[in-house]
Amino acid sequence: MKLSISECKEKLKSAEMILVGVGKEFEVQLDDVIKYNEIYKKFKDDIDSMPADEGGWLEYAIFYHELVSGKNPIVEEKVELLNKLYEMLEGKNIFVISICNHDIIRQSRFNKEKMVSPCGTTLKMECNVGCKKDVYNAIEIYEKIYKRLELFYKDEIFDKQYIMQFIPICEKCESLMELNLLGSVSYSEEGYLDRWEYYQQWLAGSINRQIVLLELGVDFNTPTVIRFPFEKINMINTKSTLIRVNEKFSMLTPEIVERATSVSKSSKNFIEELEQV
């Protein structure tokens, strides 16, 4: 079926449940974000001179600061767009599944308890040799590193040896820690499994209920996380509607065309047009 933007909005308004799939269109590049940071500008060459797996922790500490500062233009553009969507859906029973690992979605107004990121997150870390697959919070590490960098900036000196003591090491085997991201050496699914179980319970409650599957900018990177499952839900639940928003890959399979619509627009244009109707 073919729905206009206003008809898409009506579907969202009348839905009992809404499942939002957030694709790579909402991802940001680390280098693009941290280049606005004055500390990074001052110590870029020093950070670049460190081994990548160690200097990377400094870059992500700076990234985290920019992520939560509320001042970074690249981050805030994405957050503002997500908040516009939230305001239009506010009051609905919503769950968000995201394949983005830089956690822009967690800076928005969407309920953090009803989110899952199966591809990992920069907010968690694990041993790079996989000690028991344990996953830990990385935020405290970021904050400690950034506070030290602020002192370096104030004193106008970068102490490479001193900052090394803040690079996280596994307490069990003393190997370097790495971020809990799909594609890392020892990616541990423990980082998202509790939210995944909650997601499955939420999804089970959608049977025979009017649910809208709103797929935003999801391409064929890890299609088994959002794209294919959304199609399966749409085929099984005869009361469901799939709205696939994608500038390049909005095509639908023949099996779902009766209860699905494709919108060949960027998520940004779709949300802004949705807001206007």
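The values are calculated or read from the model by the stated rules, or taken from the named source; none is laboratory data. What you see is a predicted model, and the numbers here were worked out from it, not measured in a lab. All Cβ positions, even for glycine, are placed from backbone atoms using ideal geometry, and neighbour counts span all protein chains on display.
Filtering the stretch 31-58 to residues that are at pLDDT 95 or above, small (Gly, Ala, Ser) and surrounded by fewer than 12 Cβ atoms within 10 Å (Cβ to Cβ) leaves only Ser49. Here the stretch 145-165 is the region considered, the condition is being without any contact (Cβ under 8 Å) to a residue 40 or more places away in the chain and closer than 29 Å to Cys100 by Cα, and the residue that is surrounded by the most Cβ atoms within 10 Å (Cβ to Cβ) is Arg148. Do the conditions hold for Ile62, that is, is it under 30 Å from Val277 (Cα atoms) and either in contact (Cβ under 8 Å) with a residue 24 or more places away in the chain or touching a strand residue (DSSP E or B) at 6+ places or on another chain (Cβ under 6 Å) (or both)? Against the criterion (under 30 Å from Val277 (Cα atoms) and either in contact (Cβ under 8 Å) with a residue 24 or more places away in the chain or touching a strand residue (DSSP E or B) at 6+ places or on another chain (Cβ under 6 Å) (or both)), Ile62 does not qualify.
Just one residue in the set Lys232, Lys248 is more than 15 Å from Val22 (Cβ to Cβ) and not in a helix (DSSP H, G or I); that residue is Lys248.
Residues in the stretch 74-94 that are modelled with pLDDT of 95 or more and acidic (Asp, Glu): Glu76, Glu77, Glu80, Glu87. Remark: pairs (first residue in the stretch 13-32, closer than 16 Å to Leu85 by Cβ; second residue charged (D, E, K, R) and surrounded by fewer than 22 Cβ atoms within 10 Å (Cβ to Cβ); Cβ separation under 7 Å; 6+ apart in sequence or on different chains) = Ala15/Lys92; Met17/Arg209; Ile18/Lys92; Gly23/Asp219. Remark: pairs (first residue in the stretch 217-231, within 12 Å of Ile97 (Cβ to Cβ) and touching a residue at least 60 places away in the same chain (Cβ under 8 Å); second residue of a type in the set (Lys, Arg) and surrounded by 20 or more Cβ atoms within 10 Å (Cβ to Cβ); Cβ separation under 6 Å; 6+ apart in sequence or on different chains) = Val218/Arg227.
Sub-6 Å Cβ pairs linking a first residue in the stretch 261-274 that is part of a strand (DSSP E or B) to a second residue that is of a type in the set (Phe, Trp, Tyr) and surrounded by 19 or more Cβ atoms within 10 Å (Cβ to Cβ), at least 6 apart or interchain, are Val263/Phe270, ordered by first then second residue. Within the stretch 222-246, if we keep just the residues that are closer than 19 Å to Met115 by Cβ and of a type outside the set (A, V, I, L, M), the residue that is surrounded by the fewest Cβ atoms within 10 Å (Cβ to Cβ) turns out to be Thr224. When restricted to residues that are part of a loop (DSSP other than H, G, I, E, B) and either surrounded by 15 or more Cβ atoms within 10 Å (Cβ to Cβ) or within 19 Å of the chain's Cα centre (by Cα) (or both), the stretch 176-210 contains 8.
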